[in-house]
1. Would you check if there is a residue in region 142-157 being of a type in the set (Asp, Glu) and over 15 Å from Ala78 (Cα atoms)?
2. From Leu213, Leu201, Leu242, Leu222, grab the single residue that is surrounded by 13 or more Cβ atoms within 10 Å (Cβ to Cβ), in contact with a Cys (Cβ under 9 Å, 6 or more places away or on another chain) and among the aliphatic types (A, V, I, L, M).
3. Hey, among Ser92, Ser79, which residue is polar (S, T, N, Q), under 30 Å from Ala194 (Cβ atoms) and surrounded by fewer than 18 Cβ atoms within 10 Å (Cβ to Cβ)?
4. Look through region 144-180, keep the residues that are of a type in the set (Phe, Trp, Tyr) and not in a loop (DSSP other than H, G, I, E, B), and return whichever of them is nearest to Phe260 (Cα to Cα).
5. So, in region 190-201, of the ones that are touching a helix residue (DSSP H, G or I) at 6+ places or on another chain (Cβ under 6 Å) and part of a helix (DSSP H, G or I), which residue ends up modelled with the lowest pLDDT?
6. For the subset of region 129-187 comprising residues that are at pLDDT below 95 and polar (S, T, N, Q), which member is farthest from Ile89 (Cα to Cα)?
7. Answer yes or no as to whether Leu113 is assigned to a helix (DSSP H, G or I), closer than 20 Å to Val245 by Cα and over 10 Å from the mean Cα position of the chain (by Cα).
8. Just wondering, is there one or more residues in region 202-225 that are over 23 Å from Pro91 (Cα atoms), part of a helix (DSSP H, G or I) and touching a residue at least 12 places away in the same chain (Cβ under 8 Å)?
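The values are calculated or read from the model by the stated rules, or taken from the named source; none is laboratory data. As the structure is a computational prediction, the values presented were derived from the model and not from experiment. For neighbour counting, all protein chains shown are included, and Cβ atoms are generated from backbone atoms with ideal geometry for every residue, glycine included.
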Amino acid sequence: MPVFCRHLPGLLLLLAALGASAPLQAHPEDEFCVPGEGSLDPALCDALATLDSADASQAELKPILDEKGEERGFWSTASLYVTIGVRHILPSGLDHILFVLALFLASTRGRALVLQISAFTIAHTATLGLAAAGVIAPPASVVEPLIAATIAFVAFENLYFKDLPRWRVVVVFMFGLIHGLGFAGFFGELGLPAEQFWSALIGFNVGVEIGQLSVVAAAFVLGIGLRKRLARRGHSAAYRRLLVVPGSLLIGLTGLFWTFQRLFMT
């Protein structure tokens, strides 16, 4: 058996342990301002600190400034929030990472994976925009447990069905609506002025997509490598037993733990 296969269960177990030990706060908004970790510009960190110390509804909505102390324009704001969106997924969005990995594990064909990721993207983009604009405002105490439950559902569905059921794309779309509300919960805490809101929202969403697609691309490369090794050894059918089943099981258990944690331990 290839070395990668022998160590795969341990790697997956480590992933589940990291998920189970994640803090109750799923998306800490000040994680980008930790010294020594490539933190963002001081103006943005000051805004985040203000939100930490005061009610967001009471905080003055100050514009985000550039390195020269001038108010950022459309493209400057958008590019800044692309970075924030990427970093919200990598490495901070472990729940969203596990969700897209569960989608990947169930997809034996590229077309099926593309359809699911597209449905997920369209759905969470819609609710992110609506929630960030204040059209809908579900509480985080409801959204966060639901996000964890979607992870568990998709992962355990992988165990039950060897082939993707026809309704999987619809399910992924519905779950994408929920994940979009989670993204909006983080984005809304930044308290941006109206002049910079839409450019920041567009940039943030693009950054989230870059982060998610990076996860899918990395999983795809690793999965293709494992498939080829197994095929050369005449064990093509073992891919599901070695990767899909244990990976989905651990992701599902992590999702269940997070659901319980967010319902009863926050």
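1. yes
2. Unique residue meeting the criteria: Leu242.
3. Ser79
4. Selected residue: Phe153.
5. My answer is Gln196.
6. In this case the residue turns out to be Asn158.
7. Spelling it out, Leu113 is indeed assigned to a helix (DSSP H, G or I), closer than 20 Å to Val245 by Cα and over 10 Å from the mean Cα position of the chain (by Cα).
8. Within region 202-225 (the criterion being over 23 Å from Pro91 (Cα atoms), part of a helix (DSSP H, G or I) and touching a residue at least 12 places away in the same chain (Cβ under 8 Å)), the answer is yes, since at least one residue qualifies.
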